[in-house]
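A quick write-up on the structure given underneath.
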Amino acid sequence: MDIADSALDLIGNTPMVRLNKVVEGIDCPVVAKLETTNPGGSVKDRPAVHMIDAAEKAGLLKPGGTIVEPTSGNTGVGLAIVAANRGYDTVFVMTDKVSPEKVTLLEAYGARVVVCPVAVPPEDPQSYYSVAERLVNEIPGAYRPNQYSNPFNPESHVLTTGPEIWDQTDGTITHFVAGAGTGGTISGIGKYLKSQNPNVQIVAADPEGSVYSGGSGRPYLVEGVGEDFWPETYDPSVVDRVIAISDADSFEMARRVSREEGLLIGGSCGTAVAAGLVVARESAKDDLVVVLIPDSGRGYLSKVFNDEWMASFGFLESEGPVIRDVLAARGNDVPDLVYVQPETTTREAFEMMHHHGVSQLPVAKGEMPLSAAEVFGAIDELQIMQRSFNDSSVMAEPVEKVMGPRLPTIGVGEPIALAVEMLDAGRALLVLDGGRPRGVISRTDVLTFLSN
């Protein structure tokens, strides 16, 4: 009988499928390696079982122990499946940008999930890397696989994924495209493919802002890909090219592939396919581009496939007058976005308001272009007046000690009617365009637009 002994025996041997609709007009064939058929629904099942096998063999994880790992979700699911089969407890640390269904999914496997802020550097005590390290030290019998430095992460792909791709394409693959998160997948597969044919081009698909494509690692919205530091499991000598893809293009491609190809894929998959099409357009018809699809879109239904969420971050455009029109009507004499850093003094913030003729300013940490996650407060004239009336020394205080909550947000393509409704309860709105702050609109801005 063809019956697996456990879910772990179902990992690997994933299928390939040719993309047809989204590649129209491109001569070079593009095929997708579908890691969604693994029992945990992602490519991360492979390193999960391989890392735990190695830990058990080395005596680092013993019966009754606890697996602790920072994860965007997929590695956690893979580790949870191994833990369920072998009797371990699990604790996973995630950032607050991950979709809520990912948290629920891990909890469904019996895991404990700890959520940390995304807009902090790796060395911050609140970062999910730091929290995971603290938990490992606090929990008796805890073991952290540490997918970012564990050599058995890329080795799992040298032993399984790479050979599968080579065999499935009969050695005709010319380009391999995959996202780089920990770097283990692209490094391991790339190492194997180049051992078979050194001319195979290995291309990393990376979110704009990630360190792999030259960014600082500041927050972006695509989950599970890109990094804000250089993991030890990433081998830059294997990667021939890095292509940066925006959040907007990643989400649009994920939605297109799902609707046009019938393959429900996640946001990072959209990143990989978008980069794969860049490569395919530059390639010959006899070349073969293989794109790794790391996971399913089922973990992103509340975000990438939710029109309301997409619109609120400025990824979708409504019909009729929209917020973009209000910004355009203000003219070039008004800057798109004026904001202050948390360490700016309250006096400097007030002078900036006076100079630009505005009554409120977002408070954000970082340089332009900002991400929505980097805006964490706002300061307005009313706050300054009330505080300084009782204590004039407030004017010398940093705004982070005076500021109030962040402004409500609205997408640049959302209808003006929504702004009217939202401004009934507040004086201003932060406008997001492609997930990034674009400007602030007030009641005056909307009234001026409507009167004209």
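Please treat every number below as a calculation from the coordinates, not as lab data. Keep in mind that what you see is a predicted model, and the values were worked out from it rather than measured. Every residue, glycine as well, gets a Cβ built from its backbone with ideal geometry; the counts of neighbours run over all protein chains shown.
Could you please find all residues in the range 112-143 being more than 22 Å from the chain's Cα centre (by Cα) and not acidic (Asp, Glu)? Walk me through it before giving the result.
To start, the set of residues in the range 112-143 that are more than 22 Å from the chain's Cα centre (by Cα) comprises 134-143.
Matches in the range 112-143: Arg134, Leu135, Val136, Asn137, Ile139, Pro140, Gly141, Ala142, Tyr143.
Counting only residues that are of a type in the set (Val, Ile, Thr) and within 11 Å of Glu414 (Cβ to Cβ), which one in the range 288-327 is surrounded by the fewest Cβ atoms within 10 Å (Cβ to Cβ)? Outline the logic, then answer.
We begin by selecting, within the range 288-327, every residue of a type in the set (Val, Ile, Thr); these are 289-291, 293, 304, 322-323, 326.
Applying the additional criterion that residues be within 11 Å of Glu414 (Cβ to Cβ) yields 322-323, 326.
Values: Val322: 21, Ile323: 29, Val326: 23.
Ranking the candidates gives Val322 first.
For residues in the range 33-89 being of a type in the set (Gly, Ala, Ser), over 14 Å from Tyr109 (Cα atoms) and outside any helix (DSSP H, G or I), which is nearest to the chain's Cα centre (by Cα)? Step through it out loud before you land on a result.
Initial filter on the range 33-89 (of a type in the set (Gly, Ala, Ser)): 40-42, 48, 54-55, 58-59, 64-65, 72-73, 76, 78, 80, 83-84, 87.
Next cut, over 14 Å from Tyr109 (Cα atoms) only: 42, 48, 54-55, 58-59, 64-65, 72.
Among the residues that remain, those that are also outside any helix (DSSP H, G or I) are: 42, 58-59, 64-65, 72.
Values: Ser42: 16, Ala58: 33, Gly59: 34, Gly64: 33, Gly65: 30, Ser72: 8 Å.
The selected residue is Ser72.
If you check Arg144 against the conditions, is it surrounded by 21 or more Cβ atoms within 10 Å (Cβ to Cβ) and either closer than 25 Å to Leu277 by Cβ or not polar (S, T, N, Q) (or both)?
Values: surrounded by 21 or more Cβ atoms within 10 Å (Cβ to Cβ): yes; either closer than 25 Å to Leu277 by Cβ or not polar (S, T, N, Q) (or both): yes.
So Arg144 passes the test.
Hey, among the residues in the range 263-290 that are of a type in the set (Gly, Ala, Ser), more than 15 Å from Glu35 (Cα to Cα) and outside any helix (DSSP H, G or I), which one's farthest from the chain's Cα centre (by Cα)? Break it down into steps so the answer makes sense when it comes.
From the range 263-290, those of a type in the set (Gly, Ala, Ser) are 266-268, 270, 272, 274-276, 280, 283-284; that's our starting set.
In the following step, the residues that additionally are more than 15 Å from Glu35 (Cα to Cα) were identified as 274-276, 280, 283-284.
Checking the rest, the ones that are also outside any helix (DSSP H, G or I) come to 283-284.
Values: Ser283: 28, Ala284: 32 Å.
Ranking the candidates gives Ala284 first.
List every residue pair whose Cβ atoms sit under 7 Å apart, with the two residues 6 or more apart in sequence or on different chains, where the first one lies in the range 390-418 and is of a type in the set (Ser, Thr, Tyr) and the second, anywhere, is outside any loop (DSSP other than H, G, I, E, B).
Going by the 7 Å Cβ cut-off, the qualifying pairs are Thr409/Ser312; Thr409/Ala372; Thr409/Leu429; Thr409/Leu430; Thr409/Leu432.
If you take the residues of the range 441-452 that are in a helix (DSSP H, G or I) and in contact (Cβ under 8 Å) with a residue 40 or more places away in the chain, which of them is surrounded by the most Cβ atoms within 10 Å (Cβ to Cβ)? Steps first, answer last, please.
Step one: list which residues in the range 441-452 are in a helix (DSSP H, G or I), which gives 443-451.
Subset that is in contact (Cβ under 8 Å) with a residue 40 or more places away in the chain: 445-446, 448-449.
Working: Asp445: 23, Val446: 18, Thr448: 13, Phe449: 19.
Within the range 441-452, the match that is surrounded by the most Cβ atoms within 10 Å (Cβ to Cβ) is Asp445.
Can you tell me which of Gly171, Gly226 is on the phi > 0 side of the Ramachandran plot and within 14 Å of the chain's Cα centre (by Cα)? Give the derivation first.
On the way: Gly171 fails: within 14 Å of the chain's Cα centre (by Cα).
Only one candidate qualifies: Gly226.
Which count do you get for residues in the range 88-122 that are among the hydroxyl-bearing types (Ser, Thr, Tyr) and farther than 23 Å from Leu60 by Cβ?
Pass one, the range 88-122, residues among the hydroxyl-bearing types (Ser, Thr, Tyr): 88, 90, 95, 99, 104, 109.
After this cut, where a residue has to be farther than 23 Å from Leu60 by Cβ as well, the list is 95, 99, 104.
Qualifying residue count, the range 88-122: 3.
Exactly one of these conditions fails for Val238: (1) buried (at least 19 other Cβ atoms within 10 Å of the Cβ); (2) within 19 Å of Ser283 (Cβ to Cβ); (3) not aromatic (Phe, Trp, Tyr). Give me its number.
Here Val238 meets the rest and fails (2).
Taking the range 176-206, which residues are touching a residue at least 60 places away in the same chain (Cβ under 8 Å), surrounded by fewer than 22 Cβ atoms within 10 Å (Cβ to Cβ) and touching a helix residue (DSSP H, G or I) at 6+ places or on another chain (Cβ under 7 Å)?
none
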